[in-house]
1. Starting from residues that are within 9 Å of chain A (Cβ to nearest Cβ) and surrounded by fewer than 16 Cβ atoms within 10 Å (Cβ to Cβ), keep the ones in segment B:197-213 and report whichever is farthest from A:Arg154 (Cα to Cα).
2. Within segment A:364-382, how many residues turn out to be in a loop (DSSP other than H, G, I, E, B) and buried (at least 17 other Cβ atoms within 10 Å of the Cβ)?
3. Scan (1) more than 10 Å from chain A (Cβ to nearest Cβ); (2) part of a helix (DSSP H, G or I) for the single condition B:Val90 breaks and write down its number.
4. Which members of segment B:76-100 meet the condition of being at pLDDT below 90 and either surrounded by fewer than 16 Cβ atoms within 10 Å (Cβ to Cβ) or not hydrophobic (A, V, I, L, M, F, W, C) (or both)?
5. Filter segment A:53-63 down to the residues that are of a type outside the set (Asp, Glu) and under 29 Å from the mean Cα position of the chain (by Cα), then identify the one that is nearest to A:Ile5 (Cα to Cα).
6. So B:Gln361 passes all but one of these: (1) touching a strand residue (DSSP E or B) at 6+ places or on another chain (Cβ under 9 Å); (2) modelled with pLDDT under 95; (3) crowded, with 17+ Cβ neighbours inside 10 Å. Which condition number does it fail?
7. May I ask you to list the residues in segment A:75-87 that are at negative phi and assigned to a loop (DSSP other than H, G, I, E, B)?
8. Here are some residues: A:Ala245, A:Ala278, A:Ala230, A:Ala311. Which one is within 30 Å of A:Asp360 (Cα to Cα), part of a helix (DSSP H, G or I) and not β-branched (Val, Ile, Thr)?
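The values are calculated or read from the model by the stated rules, or taken from the named source; none is laboratory data. What you see is a predicted model; the values in this text were computed from it and never measured. Glycine gets a Cβ as well: all are built from the backbone with ideal geometry, and neighbour counts include every protein chain shown.
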2 protein chains.
Amino acid sequence: MNAEIISVGTELLMGQIVNSDAAFIAKQLTGLGIDSYFQTVVGDNPGKIKEVIKIAESRSDLLIFTGGLGPTQDDLTKQTVADHLGEELVMDRTGLMHIRQWFERSGRSMTQNNERQALVFRDGIVFPNPIGQALGTYIEKNEKGYLLLPGPPRELEQMFRQSVTPFLSDKYEDQQVILSKTLRFFGIGESTLTTLLDEMIRNQTNPTIAPYAGKYEVTLRITANAATEAVCEKLVDETKAEILAIVGEHHYGDGDESSLAEVVGKKLLESKSSLSAAESLTGGLFQSELVKVPGISEVFAGGIVSYQAEAKQRVLGVPEHVIETYGMVSPECAVAMAECARELFDTDLAISFTGVAGPDQMENKPAGTVWIALSKKNGPTAVQGFRFSRDRLGNREQTVLQGFDMIRRHLMDSDLER
Amino acid sequence: MNAEIISVGTELLMGQIVNSDAAFIAKQLTGLGIDSYFQTVVGDNPGKIKEVIKIAESRSDLLIFTGGLGPTQDDLTKQTVADHLGEELVMDRTGLMHIRQWFERSGRSMTQNNERQALVFRDGIVFPNPIGQALGTYIEKNEKGYLLLPGPPRELEQMFRQSVTPFLSDKYEDQQVILSKTLRFFGIGESTLTTLLDEMIRNQTNPTIAPYAGKYEVTLRITANAATEAVCEKLVDETKAEILAIVGEHHYGDGDESSLAEVVGKKLLESKSSLSAAESLTGGLFQSELVKVPGISEVFAGGIVSYQAEAKQRVLGVPEHVIETYGMVSPECAVAMAECARELFDTDLAISFTGVAGPDQMENKPAGTVWIALSKKNGPTAVQGFRFSRDRLGNREQTVLQGFDMIRRHLMDSDLER
């Protein structure tokens, strides 16, 4: 049993959007233990869609389509699949009512073409769309499954979680279980990591170990295959322990969703350490990442974005002589910023970021020069310097991650001291 | 002449990463006037890669591979394509030297498997990798082209811009020219937009008009096809003028890259209007989007992230009675925040955001309740209320965009008054 994802949309072929739907579905399939060996993208063209269907039928059991269910004239997926299979589409009454109500509630006028979004296979299954209009639908023919889902990512994701996952897990529940865990590393490169783990990776069978170099971090995905989830978990955990014995220092968390910000947020909440921030080159990026963590308002007070020099003095209170003597891009300025923020917001910790995002230099310091300071209620202020070599946004993103890692390492050390 | 993008990587099939490479290449091909009807994703498996090659050869002229050129054992693309074609791979001396130097410079130890990244087709063409190690390479056989490019997005993009684009445009320069322009709209839904433009969309031939609903905005892509770029431009501009005569009010910019933040940043710079911000629920997101605009430090002073109530009073200076009488999620608090920020930072404009990001309610106000205020040096403070219905991050992102739109409309009105 294996599935193929077929994304329909000329906007994908023209590069107007990134195919995040395929990544989402692929991750769900992995979680369900359903293999997938191919993904295909095709434009809004019935002839080419049919070509793709024939190829997919020859190599996959379940064809999952996304996109082309909307109200516009180039939305043709349902009609094309129905035509290919010789199956009939009918209007779903509940879906139609739902669409009409949606337009009434939102006060917008409903156009005729919106009704097409309620079409489903007469002899198939319907998946409701809780936040949009286009219904999902499924039909089986000649031992192949055809699952049609909407393209807008939010609609797809809600529909999948609410009704497609239960449907698929019900249908394929006697499959062998596959379990994956992703280990996340910061501050180590892919080739160093894989060299250190060379023997393990070379001898992998079950679980398998797949390294992946992300933009700023490296992940290892451990995947086990067994009759039950418990056996899978045991296999994965053993391999994880072996890996961490070698490269544990750089490991900050597990899972596809976890981020350094989240890990740090949770540690702050656990240790009840309040935090504030003073951001110069990062312009608020550190704080906007931190507030993604649910419940963070308990420990995160707020911060200052001091983008212009004047703001550093006026609002943050950095002494004029610090900026005049050492410049804004200096460890001294970073320390003063962190200490001022900690006093202003009266927090246990305060972090500061100053530097040159680029592309131009500043104060004769090259783009990518960054100073990060961490002021602590009980202890001396720490400061670290970096030289990044990315573009403007990349330098900022890496700066923010280094900041999170600095807090993470501080909180880990505090844990050890207790 | 048409190209097919083949992305190689099990991490794509497992949904660990999103296929941004395919979107990037697709966009470049569109710009070069090279058609592309299919994209395929396949895992790190030689047998399946060969299956995919055969299908692609039957329907496309140029096969563009990304991924699988790295140093790890599952990087097999070059070997598999060479094996399929019966072509030989050789070590590129310059590339090898470059790899060795890179490791020397960075002080990391070089492992044997890194050398494989310098393999190229003996009878092919080499594309250097200015920021990484794996070389790109191209070969032609039986009138088909095979272009192999690295997977890491930054490496791919630099290599493409520096050497692949000149190579392809040289090769296919006698093609018909295709020119696209994307018009961006905020504050109008896809179906309203397409209904208003129904007649134009129905009668489209050349240029074509393709609507696309993004997460928070709608775009229209106008694509013209002609013998010269000048003719294409004329066709596109005429269609654009027709569209704007109908829905111009909601049009904020052109191009795939432009964002509301950028448009607003440019308008601020043009009008020399200085700006500061006070952010509550958005936690710095507005400011971190704004600082993406190059040169913005001329007009953007900085801001306060007042995440906890105390910070609103202590640091920002919002009067206690405002919060006590009206609550933090109120138009009165938004107005006070904007006015306090404008005074603290001494700017022409200041924008404030307060509200409930969710998922829980606050002060008995449901998630998604948002107030945005814009304080002006010369004029009364404006305030607007919204009720969004997305998740925590979605409510924040939409809030920030509404803020940018509020500034955009204010600056447009100021333009008219002059």
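1. B:Arg202
2. Of segment A:364-382, the ones in a loop (DSSP other than H, G, I, E, B) are A:364, A:366-368, A:377-378.
Filter again for buried (at least 17 other Cβ atoms within 10 Å of the Cβ), leaving A:367-368.
Within segment A:364-382, residues that are in a loop (DSSP other than H, G, I, E, B) and buried (at least 17 other Cβ atoms within 10 Å of the Cβ) number 2.
3. (2)
4. Answer for segment B:76-100, where residues must be at pLDDT below 90 and either surrounded by fewer than 16 Cβ atoms within 10 Å (Cβ to Cβ) or not hydrophobic (A, V, I, L, M, F, W, C) (or both): B:His98, B:Arg100.
5. Step one: list which residues in segment A:53-63 are of a type outside the set (Asp, Glu), which gives A:53-56, A:58-60, A:62-63.
Those still in the list that are under 29 Å from the mean Cα position of the chain (by Cα) too: A:56, A:60, A:62-63.
Values: A:Ala56: 9, A:Ser60: 10, A:Leu62: 9, A:Leu63: 6 Å.
Restricting to residues being of a type outside the set (Asp, Glu) and under 29 Å from the mean Cα position of the chain (by Cα), the top hit is A:Leu63.
6. (3)
7. Going residue by residue through segment A:75-87, those that are at negative phi are A:75-85, A:87.
Residues satisfying the conditions are A:Asp75, A:Leu76, A:Glu87.
8. A:Ala311
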